[in-house]
Amino acid sequence: LPIIVVIMLSFNKPAGKQNTQWNEFSLDAWKNICRDQTICGAVTTSIQIAALTTIVSTILGTMIAFALVRHRFRGRTSTNLLIFLPMATPEVVMGTSLLALFLNISVIPLGFWTLLIAHIMFTISFVVVAVKARLASLDPRLEQAAMDLYADSKTTFRYITFPLALPGIAAAALLSFSLSFDDFIITNFNSGTTVTFPMYVWGAAQRGIPPQVNVIATIFFMSALLLVVVAQLVSAKRVKR
């Protein structure tokens, strides 16, 4: 219901600064999304950080998940515990801890790169958990059968293991992107002068949120919904085939 309200208000022409009550139908916000260049710059920054965070955290998280599931090594139990800690730690604690770290190091000024590092640090745990769940459900006999048919370890990973693990990796990547894009608490502590989309919305709420915010929210929601529908159709087609 709140999402429906957001979509409806994207077609509203507010009477004042606050876009919270329906006034009249209008497409002005859709025709001029970047009326305020700050909002488009904030969205661009959020997309850039989320995309880079997704790439790095997905690669590192997948490697960690494979190591934890497929190998036995000293410190494996403590590593599992350390992976879960960022998920169990309140974001305000994570944000202040990272801020203290960056201020003490004093090598990188607060801004885009500190935000990127902070987002990678807290999303990598979610990637590990998602990929681990997928790997734990795989039947190891499939890989053994491939090796029985004279496939080496690299070939087995390329044609058997990776395709089977890919849905979990894709889900982890989407989760990582979503968590990074809409994060506010950790971003607020480590952003410096960098403005992301959640930071812009928080600042705009004090003086009146423009309908363009609702438009951007609607676009991202519809894009995510379309992605899920396409994935379901592709999956159904494969099952039927």
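The values are calculated or read from the model by the stated rules, or taken from the named source; none is laboratory data. Please read these numbers as outputs of a predicted model, since none were measured by experiment. Quick reminder, even Gly has a Cβ in these numbers, built from the backbone with ideal geometry, and neighbours come from all protein chains shown. Surface accessibility is based on the protein's heavy atoms, side chains included, excluding ligands, DNA and RNA. Shrake-Rupley method; radii C 1.70, N 1.55, O 1.52, S 1.80 Å.
Quick look at the values:
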read-out	value
Any hit, region 1-22, residues being part of a helix (DSSP H, G or I), of a type in the set (Val, Ile, Thr), loosely packed, with under 12 Cβ neighbours inside 10 Å and within 22 Å of the chain's Cα centre (by Cα)	yes
Subset tally (residues that are open to solvent by 20 Å² or more (accessible area, probe 1.4 Å) and farther than 18 Å from Arg35 by Cα) for region 186-197	5
Hey, Leu27 open to solvent by 40 Å² or more (accessible area, probe 1.4 Å) and either in contact (Cβ under 8 Å) with a residue 24 or more places away in the chain or among the polar types (S, T, N, Q) (or both) or not	no
Of all residues in region 228-240 being open to solvent by less than 90 Å² (accessible area, probe 1.4 Å) and not hydroxyl-bearing (Ser, Thr, Tyr), the one that is nearest to Ser178 (Cα to Cα)	Val228
Within region 198-227, tally of residues that are in a helix (DSSP H, G or I) and open to solvent by 50 Å² or more (accessible area, probe 1.4 Å)	10
Lone unmet requirement of (1) surrounded by 15 or more Cβ atoms within 10 Å (Cβ to Cβ); (2) at pLDDT 90 or above for Val69	(2)
Hey, Thr58 modelled with pLDDT of 95 or more and assigned to a helix (DSSP H, G or I) or not	yes
Test set (1) farther than 24 Å from Ser46 by Cβ; (2) over 21 Å from the mean Cα position of the chain (by Cα) - Leu101 fails condition number	(1)
Matching option when the condition is under 23 Å from the mean Cα position of the chain (by Cα), under 26 Å from Thr79 (Cβ atoms) and of a type in the set (S, T, N, Q), among Ser180, Ser153	Ser180
Helices (runs of 4 or more DSSP H) within region 87-183 that include 3 or more residues over 21 Å from Ile59 (Cα atoms) and without any contact (Cβ under 8 Å) to a residue 60 or more places away in the chain	91-105, 140-148
Pairs with Cβ under 6 Å, 6+ apart, first in region 220-241 and aliphatic (A, V, I, L, M), second part of a helix (DSSP H, G or I) and open to solvent by less than 80 Å² (accessible area, probe 1.4 Å)	none
Members of region 184-197 that are within 19 Å of Leu103 (Cα to Cα) and part of a helix (DSSP H, G or I)	Ile185, Ile186, Thr187, Asn188, Phe189, Asn190
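Conditions tested, residue by residue: (1) exposed (fewer than 15 other Cβ atoms within 10 Å of the Cβ); (2) out of contact with any helix residue (DSSP H, G or I) (no Cβ under 9 Å at 6 or more places or on another chain).
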site: Ile39; (1), (2): no, no
site: Ala50; (1), (2): no, no
site: Ala65; (1), (2): no, no
site: Arg74; (1), (2): yes, yes
site: Leu81; (1), (2): yes, yes
site: Pro86; (1), (2): no, no
site: Thr89; (1), (2): yes, no
site: Gly95; (1), (2): no, no
site: Phe112; (1), (2): no, no
